[in-house]
There are 2 protein chains.
Amino acid sequence: MSAHAKTSGEGIRAVARKLLEQQSLDRVSMQAVADAVGVRAPSLYKRFSSRADLLNAVAGDALRELQCSLEKAVRPGSPYRSLVRMAAAYRAFAKNNPHAYSLFFDESPPSPNGDPLLEARLAPAATLFQILSEAIGDEEALLAARTLVAFLHGFVSMELGNAFHFGGDINAAFRFGLAAILDALLASGNKTRSHSRDR
Amino acid sequence: MSAHAKTSGEGIRAVARKLLEQQSLDRVSMQAVADAVGVRAPSLYKRFSSRADLLNAVAGDALRELQCSLEKAVRPGSPYRSLVRMAAAYRAFAKNNPHAYSLFFDESPPSPNGDPLLEARLAPAATLFQILSEAIGDEEALLAARTLVAFLHGFVSMELGNAFHFGGDINAAFRFGLAAILDALLASGNKTRSHSRDR
DNA sequence: ACCTGAACACCGTTCAAGT
DNA sequence: ACCTGAACACCGTTCAAGT
């Protein structure tokens, strides 16, 4: 790096991430990021080819963070407990990083060289799939993973968007829905025992 | 209306809706809408106080359309079939109106006079709640409705965002998840019979 | 009453020119 | 090698001026 390098890719991403969470997506303008970094907007294009590129990098950082917290939730040998803890970690991440979370599901424009976030997006799904595979086998694990992740994403994105209009205890609703789904999914692979207290 | 009224609120909404679905959200600029209507951008502000206001109106139109198709899916006396048909109608609407659908869950900035879309947003949830209420009683209906709508929203929004990365049959995944959830939810209110063929 | 051109304060992005 | 000012083509929005 040359003597007068005021920016690094990481520094820019961190600043953009902070702006994103403390303000909102449309406040993350190249000018605002540049100001916060102490540079002029055109300089950012030395590191990121576009605003979309920068936002993708931020989303990647956040996705890896999420993946890390999902992995910590795993309890080997206890699929049911692992899934409950992963679900809680997923929801907690979304609540603590609402704007980054909604970045995950932004339809990125079809990039020529494929989705640069693909790897980061795959990891959480793969972790979930693996746990479910242990519990109910490979065959139904994909279907089960899609059911569970659809519920998780739907629930937290509605929660973040204030889309639960009828009051009531949202935490209780999450526990209720999660328990209903996990019971249904795990029962399909093992119809003989209750999973509310496996091992 | 005066002799030279080139615009009506409805006409503008229809044009904006068409631009939204045929192009994308960021192509719905006031200038693009104005061009398509045959007028200059500032004229639109006679009917809508802002772009956000116009988009809210478009979202309201689409929500009422969705509600209409949900109501048609109801089969009185058959909660399970009604719910399956409503789920299919919900997903079909999202697939046929992807950009309008994603407008539903855009975090609208907290408006001073409350959410102008609140009524339109409430109706679908209320319809679902009513069906579930018949099936399992008021007490669990709210929890069940939230579980189901979280799954539905999560599934279709992932589908629209191409977030199912592992291939496979997406239709089958939807049927699988829906069946698992409906069985779990309806069983909780009536533990003695299967709901896969209620009259 | 409706529409318009001109203007304002912003965007993202490019690029020749500085050091 | 990095940074910058100036410029371009856009935005949303306001408003005085036209008919």
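What follows is calculated from the coordinates using simple rules that are stated; it is not laboratory data. Predicted, not measured: the structure shown is a model, and the values here were computed from it. Methodologically, a virtual Cβ is constructed for each residue, glycine included, from the backbone with ideal geometry; neighbour enumeration extends over all protein chains shown.
What the table shows:
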read-out: Copies compared at B:Glu134 - label distances in nm, ascending, label defined 7 Å from Cα in the Cβ direction; value: 4.4
read-out: Per the axis that maps chain A onto chain B, nearest residue of A (Cβ criterion) and its distance in Å; value: A:Gly154, 1
read-out: Between the range B:61-103 and the range B:1-51, the alpha-carbon center distance in angstrom; value: 27 Å
read-out: Averaged over A:162-168, number of beta-carbon atoms from partner chains that fall within 10 Å; value: 5
read-out: Tilt relative to chain B, helix B:79-96 - C-alpha long axis, 0 to 90 degrees, to 10; value: 30 degrees
read-out: Cα principal axis extents for the protein assembly as shown, largest first, Å; value: 69, 64, 37
read-out: Residue of A:Phe151, A:Phe164, A:Phe129 that the Gaussian network model of chain A assigns the largest fluctuation, springs spanning Cα pairs under 10 Å; value: A:Phe164
read-out: Lys pairs, chain A - Cα-Cα below 30 angstrom, 8 or more residues apart or on other chains; value: 7
read-out: Helix axis angle, B:9-22 relative to chain B longest principal axis, alpha carbon, degrees; value: 60 degrees
read-out: Residue list for the range B:143-184, given a label point 7 angstrom along the Cα-to-Cβ vector of A:Phe166 and an amide N cut-off under 13 Å; value: B:143-150
read-out: Over chain B, equivalent-ellipsoid semi-axes from the Cα gyration tensor in Å; value: 38, 19, 14
read-out: Proximal charge balance of A:Ala126 [Cβ under 15 Å; K/R count +1, D/E count -1]; value: -1
read-out: Residue exposure sequence - B:Asp115, B:Asp138 - by fewest surrounding Cβ within 10 Å; value: B:Asp138, B:Asp115
read-out: Shielding score for B:134-147, defined as the mean number of other chain Cβ atoms within 10 Å; value: 4
